[in-house]
Amino acid sequence: MESIIKFGTSGFRGIIADSFTFKTLGATVRAIADYVKAHSINTPPRLMVGYDPRFMGEVFAKDAAEKLNVYGVDVVLTSRDTPTPVLSFYVINHKLDGAINITASHNPPVYTGIKFTPSWGGPAMPEETKQIESMANQYLAENSLFRPTEKHRGTTELVDPMAEYIDRLNDFIDFKEIARANLKVAIDSLHGAGRGYLKAICETHGIKYVSLHEARDPYFGGAAPDPTEANLFELKKLMAEDEAIALGMATDGDADRFGILDRHGRFILPDYVLAILSEYVLSTRDFDGGLGRSIATTHLIDRIARQHKREVYETPVGFKYIGKLLTEEKIVFGGEESGGLSIIGHVPEKDGIIAGLLMLEAVARTNKTVTYLLEDIYKMVGTLYADRKDIELDSESYNHAKALMSNPSLLIDKFRPLQVDRTDGLKLLLEGGSWLLLRLSGTEPVLRIYAEGRQQTETEQYINSVQEILKHA
């Protein structure tokens, strides 16, 4: 049986009217309903359904809610587009059986998708998504969709969880410290589901701000709603022209990823944001536990943990693994280089909103720019410079890359690694704390090359060397 519905690291995504249709939505929703009914903590089961501002988001969400009702599931439907971490918060706070978000996160506007959040509030684990994916494809093949399976017909309640979520942030962010510093910030929601959230938080706590892209635009201004340096050019321009702005904060399509710009609009790599906030959280919070990072994330975090005599937990790529560590209280803070982080006691899901606020608090408390905070890290633990290169592959070069990772003798001869790690992809641990990682994307023909060297030139050299080896492999 061909698998049309495929779950990646964060749900099922597809191009609207191509692989994502009302039929694939219906099959996936039925599979989620069956899974939830088998594992529910409520009788009848209760799920939240939300959506991001993409084309037909609210239509797909309403359709999902109606189908869940048919399958005997009660639904809490959001009355507006809602960030994934806000759904996660609501699931935990109201003890629901999970949530469905109609979103394709940071993907281009032609995509949409489904993220499933189980009752523990984090991204679904592989064993959960495999089961849902298998059932969904079976229902699709049998065309056994939309059939009532329960005598009880579920109900739908309309809610907006925004105010409740914003109020809860008082438990994690020192807004008095931020207000005392009297800083001005710039906000860019990239027309995503985070629109209005940081703005409302600033207004609630008397923080001066300017904001961009708060209106709904299913085309996201013509680009993917991904807070990369290239996509934040308007925010950079705004900050370059206003000397009073101390920090720029951006969120992606479903507001689970962050983007941070320092004074004058200097883009700060997520790796460095994670290093700064790891040090800041350990220095300002009385939490017991270690730090978590994905295999592709900066080892500055390891050095900071050693400085504080804390343990480091390395995970495969995918925030679900970080989320589990937070839930198990093994770590107090965790993140991954693609722009995701969270803190113990909050949600075991990436949250781009709290990421920006934590950085704002750090800047306010220390009276230092983000760049100076990074310099403090370097003075404390030494330098490491991270970078990443994504290479699009045709079928022949994809096979070459796969073969090279299976038999990495050329890479080993070139780099002479101290250790080879195959936790997720192929990672070479090098002399002096440097490292190199090759990962093939699970959803597209792309090879991701990650590197971290003691100097910027060293990092560039590692990436260039891998590209040369690929050409001749």
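Key figures
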item	result
Odd one out for Asp217, checked against (1) in contact with a Lys or Arg (Cβ under 7 Å, 6 or more places away or on another chain); (2) assigned to a loop (DSSP other than H, G, I, E, B)	(1)
Selected residue (criterion: farthest from Pro227 (Cα to Cα)) from residues of segment 168-207 that are part of a strand (DSSP E or B) and not hydrophobic (A, V, I, L, M, F, W, C)	Lys184
Any pair with Cβ under 6 angstrom, 6 or more apart, that starts in segment 93-107 at a residue that is more than 11 Å from Val49 (Cα to Cα) and ends at one that is of a type in the set (Val, Ile, Thr) and crowded, with 24+ Cβ neighbours inside 10 Å	Asp97/Val36; Ala104/Thr112
Segment 38-63, subset without any contact (Cβ under 8 Å) to a residue 40 or more places away in the chain and in a helix (DSSP H, G or I), residue nearest to Met125 (Cα to Cα)	Ala38
Which numbered condition His346 misses (of (1) closer than 26 Å to Ala255 by Cα; (2) over 20 Å from the mean Cα position of the chain (by Cα))	(2)
Qualifying residue in segment 401-416 (condition: at pLDDT below 95, under 30 Å from Gly14 (Cβ atoms), among the polar types (S, T, N, Q) and over 25 Å from the mean Cα position of the chain (by Cα))	yes
Selection count, segment 17-37, where residues are touching a helix residue (DSSP H, G or I) at 6+ places or on another chain (Cβ under 9 Å) and not in a helix (DSSP H, G or I)	1
Flag if Ala250 is surrounded by fewer than 24 Cβ atoms within 10 Å (Cβ to Cβ) and over 21 Å from Tyr385 (Cβ atoms)	no
Residue tally, condition touching a helix residue (DSSP H, G or I) at 6+ places or on another chain (Cβ under 9 Å), under 23 Å from Asp81 (Cα atoms) and of a type outside the set (Asp, Glu), over segment 165-204	18
Qualifying positions in segment 176-195 - within 24 Å of the chain's Cα centre (by Cα) and either surrounded by fewer than 20 Cβ atoms within 10 Å (Cβ to Cβ) or over 23 Å from His264 (Cβ atoms) (or both)	His191, Gly192, Ala193, Gly194, Arg195
So Val73, is it out of contact with any helix residue (DSSP H, G or I) (no Cβ under 6 Å at 6 or more places or on another chain) and hydrophobic (A, V, I, L, M, F, W, C)	no
Pro44 being within 20 Å of Thr78 (Cβ to Cβ), out of contact with any strand residue (DSSP E or B) (no Cβ under 8 Å at 6 or more places or on another chain) and assigned by TED's automatic domain parsing to the domain that holds Thr156	no
Among residues of segment 417-473, those that are charged (D, E, K, R) and within 29 Å of Phe7 (Cβ to Cβ), counted	7
In segment 390-437, the residues that are surrounded by 13 or more Cβ atoms within 10 Å (Cβ to Cβ), part of a helix (DSSP H, G or I) and touching a residue at least 40 places away in the same chain (Cβ under 8 Å)	Ser397, Tyr398, His400, Ala401, Leu404, Leu410, Leu411, Lys414, Phe415, Gly433
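The values are calculated or read from the model by the stated rules, or taken from the named source; none is laboratory data. All figures in this text were calculated on a predicted structure; none of them were measured in a lab. Methodologically, a virtual Cβ is constructed for each residue, glycine included, from the backbone with ideal geometry; neighbour enumeration extends over all protein chains shown.
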